[in-house]
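Right, one structure below, let's go through it.
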Amino acid sequence: MTRMIAKAIPSSHVTGLELANWPYKQSQFLKRLMGIKNVEYVQKDFFAHDYRNADAVVMFLNGRIAELLGEKLYTELKAGGVVITNEFELRGQWPAPEHITLYTPFKGNLFVYRR
């Protein structure tokens, strides 16, 4: 997903966080193979990252982890920041999200939150 965002918005700087070694190395390899310059990958836990400078965060996580990270994002993300989740809604202080249904090979749901 990070590579797709980086290609779609060449003026952006995209950071992908991945703790597991194999997906991290795979992401680094695919970045080089595709020649994408505006994406970087950091091998780091989501909860250890500082999100204060992020304009947008896209989470492709399971429901419980997304909910916990959502709490952290609510306190750290600057005003106007956007959070996009797949399939799972955030709880807590977040306002009601914009719901987008995707029809790719399978039906999917995105929830867009604005801080």
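The values are calculated or read from the model by the stated rules, or taken from the named source; none is laboratory data. Bear in mind the structure is a predicted one, so any value in this text is a computation, not a measurement. Because the Cβ atoms are built from the backbone with ideal geometry, glycine has one as well, and the counts that use them run over all protein chains shown. Ligands, DNA and RNA are stripped out before the accessible areas are found, and what is left, the full protein with its side chains, is counted by its heavy atoms. Shrake-Rupley method; radii C 1.70, N 1.55, O 1.52, S 1.80 Å.
Residue-normalised convex hull volume from the C-alpha trace of the chain: 117 Å³ per residue.
The distance from the alpha carbon centre of region 82-115 to that of region 8-73 is 17 Å, rounded to a whole number.
Computed from phi, the 3J(HN,Hα) profile of region 82-95 under the Karplus parametrisation 6.51, -1.76, 1.60 (θ = phi - 60°) reads 10, 10, 10, 10, 9, 6, 10, 7, 7, 10, x, 7, 5, x Hz, with x in place of Gly and Pro.
Taking a probe of 1.4 Å, how large is the accessible area per residue of the chain, in Å²? Kindly include the intermediate steps, with their values, before the conclusion.
Numbers: 7570 Å² over 115 residues.
I get 66 Å² per residue for this part.
The local environment of Lys78, defined by Cβ-Cβ distances under 10 Å, has a net charge of 0 under the rule Lys, Arg +1 and Asp, Glu -1.
Between Lys78 and Lys25, what length in nm is gained on full extension when 0.36 nm per residue of separation is reduced by their alpha carbon distance?
On the way: separation 53, 0.36 × 53 = 19.08 nm, distance 3.03 nm.
Full extension of this stretch gives 16.0 nm more.
Accessible surface of the chain, 1.4 Å probe: 57 percent of it comes from carbon and sulfur atoms. Around the amide H of Phe88, modelled in the peptide plane, lies no amide H under 5 Å away from a residue 5 or more places distant or on another chain.
The value given for region 4-67 is a Kirkwood hydrodynamic radius of 12.8 Å, derived from the mean inverse Cα-Cα separation.
Report relative contact order for the chain in percent, whole number only (criteria: Cα-Cα under 8 Å, sequence separation at least 6).
Working: 175 pairs, mean separation 22.5, N = 115.
Here the relative contact order equals 20 percent.
The Cβ shell under 13 Å around Asp50 holds other residues with a net charge of +2, Lys and Arg each +1, Asp and Glu each -1. What residues qualify as long-range amide H neighbours of Gly16, i.e. H under 5 Å apart, gap of 5 or more or another chain, H built at 1.01 Å from N? Amide H neighbours of Gly16, under 5 Å, 5+ apart: Glu40, Tyr41, Val42.
Across region 96-103, coupling constants 3J(HN,Hα) worked out from phi with the 6.51/-1.76/1.60 Karplus curve, θ = phi - 60°, read 4, x, 7, 9, 10, 9, 9, 10 Hz, and Gly and Pro carry x. Close amide H contacts of Ala56 (hydrogens built in the peptide plane, cut-off under 5 Å, sequence separation of 5 or more or a different chain): Val82.
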